[in-house]
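Colleague: The following block contains the structure, expressed as structure tokens.
The values are calculated or read from the model by the stated rules, or taken from the named source; none is laboratory data. These numbers come from a predicted model, not from an experiment. Quick reminder, even Gly has a Cβ in these numbers, built from the backbone with ideal geometry, and neighbours come from all protein chains shown. All accessible areas refer to the heavy atoms of the entire protein, side chains included, with ligands and DNA or RNA removed. Shrake-Rupley method; radii C 1.70, N 1.55, O 1.52, S 1.80 Å.
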Amino acid sequence: MTTTVRRDGDAVVVDGHKKWVTAAHYADLLVIVGRYEDGAVAVVVPADTPGVRIERIADPLGCRAAGHADVHLDGVRLPADSVLGGHGLPPALLVTTALAYGRMSVAWGCVGILRACLAAATAHAAGREQFGRPLAEHQLVAGHLADLYTAEQVAARVCEHASRCWDEGSPDQVVATVLAKHVAATQAAKGAATAVQVLASAGSRDGHAVARAYRDAKLMEIIEGSNELCRLMLAQHALSATGAP
Ligand SMILES: Cc1cc2nc3c(=O)[nH]c(=O)nc-3n(C[C@H](O)[C@H](O)[C@H](O)COP(=O)(O)OP(=O)(O)OC[C@H]3O[C@@H](n4cnc5c(N)ncnc54)[C@H](O)[C@@H]3O)c2cc1C
């Protein structure tokens, strides 16, 4: 994290650049996390403050209604009470706390992607005939449906586990959320590709539900902790949970 927040009399000054901020194109208020003294803070920045420049991402691969934008912050001066509570927290703790909400919503969103793909793929495979039989009666296509069902069930179960951990205030809630996000995103990316395969040309139009799922699901493997970062966190957890030296 390279964005900085520094105190200047009664004000704070924010400098930096944020990439691909979801909804920034539409937002009136931005929540910016930056380095502050030895820790990190979150600051509320009105989008029309002098020094803020918002540049919409043109033609994103997926999530096209999400209004992603790059946010440039050059000497943005704000009243000191724009800093949200908990300032000076260790950056890892602040970011993990904020990301946990995003990770949970991405994880369940991936279950939604898989359910939409499963509904489209089963309806198509049951309704379309090829070589004198419904597609679903060709075993290789039936195998795709089984894989898609499995992906939806696996993603839903791991999300339910994470939600239960949250409801119970379990100490495992952070790792359970990372696990849910990672599993659901990878299953959604795989499952959406399977759904396009089952629908073939019928699902290959821009705007079809499975085509959209295919584009959106890929981005789920990048946001709120990429696959690689999730795997690193899970490996760290595995090492500490097993007490490895
Ligand atoms: C749809 C979408 C929405 C987003 N919304 C937001 C938002 O609201 N707010 C926000 O702040 N950001 C947002 N982002 C940005 C997102 O957080 C970053 O794209 C993501 O963290 C990856 O950073 P990067 O794109 O710079 O890739 P890079 O950091 O250049 O990474 C490239 C590849 O290398 C891997 N990699 C990088 N570092 C390591 C490492 N240390 N170990 C192992 N692998 C590594 C990455 O996982 C990736 O596969 C969004 C991005 C997308 C695509």
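Colleague: Somewhere in segment 159-168, is a residue touching a residue at least 40 places away in the same chain (Cβ under 8 Å) and more than 25 Å from the chain's Cα centre (by Cα)?
Modeller: Narrowing segment 159-168 to residues touching a residue at least 40 places away in the same chain (Cβ under 8 Å): 159, 162-163, 166.
From what is left, the residues that are more than 25 Å from the chain's Cα centre (by Cα) are none.
No; the residues of segment 159-168 include none that is touching a residue at least 40 places away in the same chain (Cβ under 8 Å) and more than 25 Å from the chain's Cα centre (by Cα).
Colleague: Before we move on, is VAL31 of a type outside the set (Gly, Ala, Ser) and not assigned by TED's automatic domain parsing to the domain that holds ALA213? Break it down into steps so the answer makes sense when it comes.
Modeller: On the way: of a type outside the set (Gly, Ala, Ser): yes; not assigned by TED's automatic domain parsing to the domain that holds ALA213: yes.
In short, yes.
Colleague: Examine segment 178-186 for a residue that is touching a residue at least 12 places away in the same chain (Cβ under 8 Å), closer than 21 Å to THR22 by Cα and either away from the ligand (no atom under 16 Å from the Cβ) or in contact with a Ser or Thr (Cβ under 6 Å, 6 or more places away or on another chain) (or both), and state whether such a residue exists.
Modeller: In the first step, residues of segment 178-186 are kept if they are touching a residue at least 12 places away in the same chain (Cβ under 8 Å); the result is 178-186.
Now drop any that are not closer than 21 Å to THR22 by Cα, which leaves 178, 180-182, 184-186.
Those left that are additionally either away from the ligand (no atom under 16 Å from the Cβ) or in contact with a Ser or Thr (Cβ under 6 Å, 6 or more places away or on another chain) (or both): 180.
Yes, there is a match, as at least one residue in segment 178-186 is touching a residue at least 12 places away in the same chain (Cβ under 8 Å), closer than 21 Å to THR22 by Cα and either away from the ligand (no atom under 16 Å from the Cβ) or in contact with a Ser or Thr (Cβ under 6 Å, 6 or more places away or on another chain) (or both).
Colleague: A follow-up question, please. With respect to GLU55, determine if the residue is part of a helix (DSSP H, G or I) and among the acidic types (Asp, Glu).
Modeller: Details: part of a helix (DSSP H, G or I): no; among the acidic types (Asp, Glu): yes.
Considered against the rule, which asks whether it is part of a helix (DSSP H, G or I) and among the acidic types (Asp, Glu), GLU55 comes out as no.
Colleague: Please tell me if VAL183 is touching a Cys at 6+ places or on another chain (Cβ under 9 Å) and over 30 Å from ARG64 (Cβ atoms).
Modeller: Numbers: touching a Cys at 6+ places or on another chain (Cβ under 9 Å): yes; over 30 Å from ARG64 (Cβ atoms): no.
No; evaluated as a whole, the condition is false for this residue.
Colleague: Let me ask you something else. Scan segment 106-135 for residues that are part of a strand (DSSP E or B) and among the aliphatic types (A, V, I, L, M) and report the count.
Modeller: Initially, segment 106-135 is screened for residues part of a strand (DSSP E or B), giving 129-130, 133-134.
After this cut, where a residue has to be among the aliphatic types (A, V, I, L, M) as well, the list is none.
Residues flagged as part of a strand (DSSP E or B) and among the aliphatic types (A, V, I, L, M) within segment 106-135 amount to 0.
Colleague: Of all residues in segment 1-41, which are among the small types (Gly, Ala, Ser), assigned to a strand (DSSP E or B) and away from the ligand (no atom under 12 Å from the Cβ)? Don't jump to the end; show me each part of the working.
Modeller: At the first step, the residues of segment 1-41 found to be among the small types (Gly, Ala, Ser) are 9, 11, 16, 23-24, 27, 34, 39-40.
Narrowing further to those that are assigned to a strand (DSSP E or B): 11, 16, 34, 39-40.
Within segment 1-41, ALA11, GLY39, ALA40 qualify.
Colleague: In this structure, is LEU114 open to solvent by less than 60 Å² (accessible area, probe 1.4 Å), within 30 Å of MET233 (Cα to Cα), touching a helix residue (DSSP H, G or I) at 6+ places or on another chain (Cβ under 9 Å) and assigned by TED's automatic domain parsing to the domain that holds ALA195?
Modeller: On the way: open to solvent by less than 60 Å² (accessible area, probe 1.4 Å): yes; within 30 Å of MET233 (Cα to Cα): yes; touching a helix residue (DSSP H, G or I) at 6+ places or on another chain (Cβ under 9 Å): yes; assigned by TED's automatic domain parsing to the domain that holds ALA195: yes.
Yes, satisfied.
Colleague: Here's another thing I want to ask about it. State the number of residues belonging to segment 189-238 that are more than 19 Å from THR96 (Cα to Cα) and either away from the ligand (no atom under 16 Å from the Cβ) or at pLDDT below 95 (or both).
Modeller: Here is the first cut: in segment 189-238, the residues more than 19 Å from THR96 (Cα to Cα) are 189-219.
Filter once more, keeping what is either away from the ligand (no atom under 16 Å from the Cβ) or at pLDDT below 95 (or both): 190-191, 193-211.
Residues in segment 189-238 being more than 19 Å from THR96 (Cα to Cα) and either away from the ligand (no atom under 16 Å from the Cβ) or at pLDDT below 95 (or both): 21 in total.
Colleague: Of the residues ARG64, ARG77, only one is in a loop (DSSP other than H, G, I, E, B) and either open to solvent by 80 Å² or more (accessible area, probe 1.4 Å) or in contact (Cβ under 8 Å) with a residue 60 or more places away in the chain (or both); which?
Modeller: ARG64
Colleague: While we're looking at this one, here's another question. When you check GLY62 against the structure, is it within 11 Å of the ligand (Cβ to nearest atom) and touching a helix residue (DSSP H, G or I) at 6+ places or on another chain (Cβ under 7 Å), yes or no?
Modeller: Numbers: within 11 Å of the ligand (Cβ to nearest atom): yes; touching a helix residue (DSSP H, G or I) at 6+ places or on another chain (Cβ under 7 Å): yes.
Yes: the conditions hold for GLY62.
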